[in-house]
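The next block holds one structure in the form of structure tokens; read it before the comments.
The values are calculated or read from the model by the stated rules, or taken from the named source; none is laboratory data. Everything numeric in this text was worked out from a predicted model, so none of it was measured. Cβ: placed from backbone, ideal geometry, glycine included. Neighbour counts: every protein chain shown.
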Amino acid sequence: MMSGKRRPKWRLFKDGAPAEGGAPAWVYVLLFTVCVALAHWSVERYNAVLLWPANGVLLAALLQLDKRRALAVLGACLLINVGGNVLRADPPHMLVLNVILNFGEVALAALLARRYCGATLDLRRPIRLARFVACIAPPVALSALIGVTARMDAPEVFVLNLGYWFTIETLGFLVTTPTLLLLARRDRFGEARGVGLREKALLMTTLVAVTTLVFSQAYAPILFLAFVPLLAIAFRLPPHWSAVSVIVVAFIGGAFSLNGMGPIMLSNLAPVGWPVNDVVPALNVLPVFHLFTSATLALAFGASTILTERRRLEQEISKLRQQLATGGPAKGAEAKNIGGLRYLAREVEGVPARDLRGTADAMLRTLGSGVAAVVSVVDGKASLVVSVSDDLKNAVNAVDLVRIGVAELGGKGGGGRADFAQGGGPDGSRADAALAAIERGLAGHAAAAE
């Protein structure tokens, strides 16, 4: 039986209004120019290109920008691409063909991504990221086959150059496009709780320092050490930070590798028949660098998307628990009038302490003005929160009330602010007694105020 959900239609450009956030059109043109310039410089200096990220920039522009701005970016980048090929003195047939292959590859990748990836701007979900990778491979493979055939390479290096073309362009897409799309939507991810600017700076500085240390020596095969800060960033920060980290590692690793430095120089997976091996020593270990970059992508994006998906599911569970606690069956669910103060108390089962504040705030919204108290029992232990509406916080102190309840639960203390406080105790069987004690405390407060 077929699902009722229909796939998006085939389309190249974004429908509707321009997407919120993201970079302006000129930034994509600038990034494309920088990528092309670096690639040409790399060929002039080292006779090799480790990655080709320029097409990834174009794809991000197509997926992020509206039709008018995307066409403007494509037009400007086409002229830049043609100019670069002229300066590089490409053969006449390759001068035009390279441009056609680049832009055709990007257009086909955009069509596939919009068709099969769903919300292509949201690559936090593991399944969407996996589909995106699958959408990139066919256009690159077709482009590589046409390009290498048109160059009329010798039969003994045809397969080698085909693999080289496919690898540098595929990795270029995967390093660049997800990064730009994730950065464009960074405001939707939210910031990780408890992570300040100092910790972010420390994590990124550690990544740069460790990666530089790893690639500045060629004595020990310690590439794996670069994965440690990558995992720390994936665990602590939103996914766009992991995307930026991949670029940082690829840039540092590529710079050292092209200059014959780093632990990848200890390995040699390149075929003996590659004719430029004697000219460019780095090409001997180019497959190792590409394997390392692939592993970096898989680790950073894999861990980040899985952890982001877990956080999303935890938030959904938390919302469902709050809805159940505020709207489902619960003890003490009726609001009471205590000396002119409205008091709403609930006892719930199995709701973690971190979710109780949302429950109390939701209860307080139903009251409008008053005091809400919630106690939850998990594994025999009780957690208690008290929330006071803004108009009463100068007259009723939530900290005083929560300490009354905590004492009934066999605990000590409790803290917070005048409008919200929390605490807990080891005796969950006294949950009803804790809520009753808070009620008596409110009654005493109301009597004293008369």
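A few notes on this one:
- Residues within segment 42-83 that are small (Gly, Ala, Ser) and buried (at least 21 other Cβ atoms within 10 Å of the Cβ), tallied: 5
- Residue list for segment 48-77, filter: part of a strand (DSSP E or B) and either touching an Asp or Glu at 6+ places or on another chain (Cβ under 7 Å) or modelled with pLDDT of 90 or more (or both): none
- All conditions but one from (1) in contact (Cβ under 8 Å) with a residue 24 or more places away in the chain; (2) part of a helix (DSSP H, G or I) apply to VAL99; the one that does not is (1).
- Where a residue in segment 340-366 is free of Cβ contacts under 8 Å to residues at least 60 places away in the same chain and its partner, wherever it lies, is of a type in the set (D, E, K, R) and crowded, with 19+ Cβ neighbours inside 10 Å, with Cβ under 7 Å and at least six apart: VAL351/ARG321; ASP355/ARG321; MET363/ARG346
- Test: residue in segment 78-92 that is modelled with pLDDT under 85, of a type in the set (Asp, Glu) and part of a helix (DSSP H, G or I): no
Results for (1) touching a Gly at 6+ places or on another chain (Cβ under 8 Å); (2) buried (at least 21 other Cβ atoms within 10 Å of the Cβ); (3) at pLDDT 85 or above; (4) within 24 Å of GLN315 (Cβ to Cβ), shown as yes or no for each residue.
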position: ARG151; (1), (2), (3), (4): no, no, no, no
position: LEU174; (1), (2), (3), (4): yes, yes, yes, no
position: ARG186; (1), (2), (3), (4): yes, no, no, yes
position: LEU202; (1), (2), (3), (4): no, no, yes, no
position: ALA218; (1), (2), (3), (4): yes, no, no, no
position: LEU225; (1), (2), (3), (4): no, no, yes, no
position: ALA232; (1), (2), (3), (4): no, no, yes, yes
position: ILE247; (1), (2), (3), (4): no, no, yes, no
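So that you can scan it fast, the table gives a plain yes or no per residue for (1) touching a Lys or Arg at 6+ places or on another chain (Cβ under 8 Å); (2) at pLDDT 65 or above; (3) under 16 Å from LEU51 (Cβ atoms); (4) not assigned by TED's automatic domain parsing to the domain that holds LEU129:
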position: PRO281; (1), (2), (3), (4): no, no, no, yes
position: LEU297; (1), (2), (3), (4): no, yes, yes, yes
position: ALA303; (1), (2), (3), (4): no, yes, no, yes
position: GLU314; (1), (2), (3), (4): no, yes, no, yes
position: ILE317; (1), (2), (3), (4): no, yes, no, yes
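- Number of the condition not met by ALA39 [criteria: (1) modelled with pLDDT under 90; (2) surrounded by fewer than 20 Cβ atoms within 10 Å (Cβ to Cβ); (3) assigned to a helix (DSSP H, G or I)]: (2)
- Of the helices (runs of 4 or more DSSP H) that lie entirely inside segment 139-237, those containing 2 or more residues that are in contact with an Asp or Glu (Cβ under 9 Å, 6 or more places away or on another chain) span 155-184, 186-189.
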